[in-house]
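**Q** I have a structure I would like to understand better, so I am pasting it below and will then ask my questions one at a time.
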Protein chains: 2
Amino acid sequence: MRIDLRETAEYLLENDDYVFLCHTSPDGDTVGSAVALAYGLRSKGKRIIIRCGDEFAKDYDFMFADYEEPDFEPKRVVTIDVADNKLLGEKYDALYGGRVDLCIDHHASNILYAQRVCLEADSASTAEMIFILLGLMNIEITPIIASCLFTGVTTDTGCFRYSNTTQRTYDIAAKLVGLGADSYNIIQVFFETKTKTYAALERLALDTMRFYFSDRCALICVTRDMFEKTGSDDSETVKLANIPRQIEGVLVGVVMRELEDGSFKASVRTHGDIDASAICKRLGGGGHAGAAACVIKAEKQQAINMLLKEVEAEIDTHNIY
Amino acid sequence: MRIDLRETAEYLLENDDYVFLCHTSPDGDTVGSAVALAYGLRSKGKRIIIRCGDEFAKDYDFMFADYEEPDFEPKRVVTIDVADNKLLGEKYDALYGGRVDLCIDHHASNILYAQRVCLEADSASTAEMIFILLGLMNIEITPIIASCLFTGVTTDTGCFRYSNTTQRTYDIAAKLVGLGADSYNIIQVFFETKTKTYAALERLALDTMRFYFSDRCALICVTRDMFEKTGSDDSETVKLANIPRQIEGVLVGVVMRELEDGSFKASVRTHGDIDASAICKRLGGGGHAGAAACVIKAEKQQAINMLLKEVEAEIDTHNIY
């Protein structure tokens, strides 16, 4: 059943004893939105625990400064920014995937696995929805809540650079700053800080950049020996994802990175009408029109070829010469 | 005489036949603010010409889509975003530097050379001031005006990443998007587009990065042979300026680039209390607390040493270990 933000507010105020679930490979939006909503509902006397199939990176530690975990048996299951129950990870999908009471999400690709789905596909982030939701519940947005939401708003828009950014995004950012969000430091941490190991990885990665289809596609491929050489790790490659698309004239930017099991995760970023999620869907992945991902179980050159084949098919459907 | 935005609005509406002057090495704020104000006043029947000591880059062409140059002898001289009459360039400093009727600016380092100075040092950009000024004059902000101002707002805040960004910055950005600013494309052009030649230059530049003072300072040095090798040019090095400061733990990031005459221009970016303009002032330059520049007439290693000496002096005054 699809429900709107007002009905979601009513549901959350009427029930209690929630488990909030984030998606695996947690980003600023799933974590920030879940923690912000938890703080907000706690101020209304509700009990909430937050769970995620993967550990939260230390960059998110500040969000949990005021978090205490009550001890209770969850009665209601709420997923936050989770488009597919598979994204709960094996453990939580098995535990809760089949009985999600409410899903709050902004991914157009949401498979509607929950009993109640509050989905705003034109919202740049789930955090924007939570901001409005808190207002509907008359919950005060404290500085820590504002900081959690500001993290979601910025990380899901690439700091206001993606095409999903709207007037509402800036408007909510302004209000969150006014409410005490630590905006400058959040942006520094998530967008303006590179570790020395990442900087070294970036240099190696740039050397692998190749161009295809009359320079309309640029592709970087990061292999595990590069992580070893630089002392960098998987988590840092996320920041590489936008680099190929930044090159003038490139419509499809791809970053492939070798996973521990030897398969390759492809992060696809597109411009204009080129649909990144269409490319990734054909390879078993998904995402947004401008940013999507998939995992290809093949050795390096074959994985690249499989990905490029789908890129070419997608470019061809748009008759771009 | 210092005047406020209301008095500035009155002055602009009472007078006519303006020459608007931008600063040399024109950036999005000086150009966008000047063109936006010109369009606005033109709708009130005023005549304006815009001049700059350097040519405008082609990225600013879109601003002039609706610009027509009337033929008249300027009666009032207005400088926009110009902290020092020397920044008018030799020609316009000689012509107008001694008789500037009004200066609209946001640089704390403004030397107050104009007869009337409208200065808001806590404004992130001159464009923010122009936005308010247009409102005070009851001038409609058309989509092209909104786009000009959005360019100034974003380029002077590094797309909302610098510490000068305030609640007002986001609030004005929201309003400009609502008024039809072409926000996505502007951000793509100024922040998300690299030419292939720039990408090549960046790789070479990254290889020159060195760390000093227990890794609190990172320095890149770009020489003219790198421009030749990559087919890149001077104008593209501006985009390198933030890279060294992005490294974790770095408080002072420096990009030096060799100018045509063999001297070196240093762009200094700092974090926290470290004052970039203090560093550059001692070498004859200037700017903001977080971003400043100077030109050093010396050969490469000597120029680097001179700059590092001032960086060390500035770090030392803050007792940072």
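The values are calculated or read from the model by the stated rules, or taken from the named source; none is laboratory data. Bear in mind the structure is a predicted one, so any value in this text is a computation, not a measurement. Every residue, glycine among them, receives a Cβ derived from its backbone with ideal geometry; neighbour counts consider all protein chains shown. The protein model used for the area step is the full one, side chains on, heavy atoms only, and it has no ligands, DNA or RNA in it. Shrake-Rupley method; radii C 1.70, N 1.55, O 1.52, S 1.80 Å.
**Q** So which residues in the range B:200-226 are open to solvent by less than 10 Å² (accessible area, probe 1.4 Å) and within 23 Å of residue B:58 (Cα to Cα)?
**A** Correct list: B:201 only.
**Q** Quick one: how many residues across the range A:176-186 are at the interface with chain B (Cβ under 9 Å from one of its Cβ atoms) and open to solvent by less than 40 Å² (accessible area, probe 1.4 Å)?
**A** Final tally of qualifying residues: 3.
**Q** Which of the numbered conditions does residue B:189 fail, given that it passes all the others? Conditions: (1) open to solvent by 50 Å² or more (accessible area, probe 1.4 Å); (2) closer than 18 Å to residue B:237 by Cβ; (3) touching a residue at least 12 places away in the same chain (Cβ under 8 Å); (4) within 8 Å of another protein chain (Cβ to nearest Cβ).
**A** (4)
**Q** If you don't mind, there's one more thing I want to ask. (1) over 28 Å from residue B:188 (Cα atoms); (2) in contact (Cβ under 8 Å) with a residue 12 or more places away in the chain; (3) open to solvent by 40 Å² or more (accessible area, probe 1.4 Å): which one isn't true of residue B:122, the others all being true?
**A** (1)
**Q** Hey, any hits in the range B:197-207 for a residue that's of a type in the set (A, V, I, L, M, F, W, C), touching a Leu at 6+ places or on another chain (Cβ under 7 Å), away from every other protein chain (no Cβ under 13 Å) and not in a loop (DSSP other than H, G, I, E, B)?
**A** no
**Q** Across the range B:247-276, what is the total count of residues that are farther than 22 Å from residue A:185 by Cβ and out of contact with any helix residue (DSSP H, G or I) (no Cβ under 9 Å at 6 or more places or on another chain)? Full working, then the answer.
**A** Taking the range B:247-276 and keeping what is farther than 22 Å from residue A:185 by Cβ, we get B:254-267.
This time we only want the ones that are out of contact with any helix residue (DSSP H, G or I) (no Cβ under 9 Å at 6 or more places or on another chain), so: B:261.
Total meeting the criteria: 1.
**Q** Identify, from the list B:57, B:83, the residue that is in contact (Cβ under 8 Å) with a residue 24 or more places away in the chain, in contact with a Pro (Cβ under 9 Å, 6 or more places away or on another chain) and not charged (D, E, K, R). First the steps, then the outcome.
**A** Values: B:83 fails: in contact with a Pro (Cβ under 9 Å, 6 or more places away or on another chain).
Of the residues listed, the single one that is in contact (Cβ under 8 Å) with a residue 24 or more places away in the chain, in contact with a Pro (Cβ under 9 Å, 6 or more places away or on another chain) and not charged (D, E, K, R) is B:57.
**Q** Of the residues that sit in the range A:241-276 and are within 24 Å of residue A:111 (Cβ to Cβ), open to solvent by 10 Å² or more (accessible area, probe 1.4 Å) and in contact with a strand residue (DSSP E or B) (Cβ under 6 Å, 6 or more places away or on another chain), which one is nearest to the other protein chains (Cβ to nearest Cβ)?
**A** Only one residue tops the list, namely A:269.
Here's the yes/no breakdown for (1) within 12 Å of chain A (Cβ to nearest Cβ); (2) farther than 25 Å from residue B:2 by Cα; (3) open to solvent by 30 Å² or more (accessible area, probe 1.4 Å); (4) in a helix (DSSP H, G or I):
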site	(1), (2), (3), (4)
B:132	no, no, yes, yes
B:139	no, no, no, no
B:145	no, yes, no, yes
B:148	no, yes, no, yes
B:154	yes, yes, no, yes
B:168	yes, no, yes, yes
B:173	yes, yes, no, yes
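**Q** For the condition in contact (Cβ under 8 Å) with a residue 60 or more places away in the chain, more than 19 Å from residue A:156 (Cα to Cα) and among the hydrophobic types (A, V, I, L, M, F, W, C), what is the one hit in A:37, A:21, A:41? Reasoning before the result, please.
**A** On the way: A:37 fails: more than 19 Å from residue A:156 (Cα to Cα); A:21 fails: more than 19 Å from residue A:156 (Cα to Cα).
Among A:37, A:21, A:41, only A:41 is in contact (Cβ under 8 Å) with a residue 60 or more places away in the chain, more than 19 Å from residue A:156 (Cα to Cα) and among the hydrophobic types (A, V, I, L, M, F, W, C).
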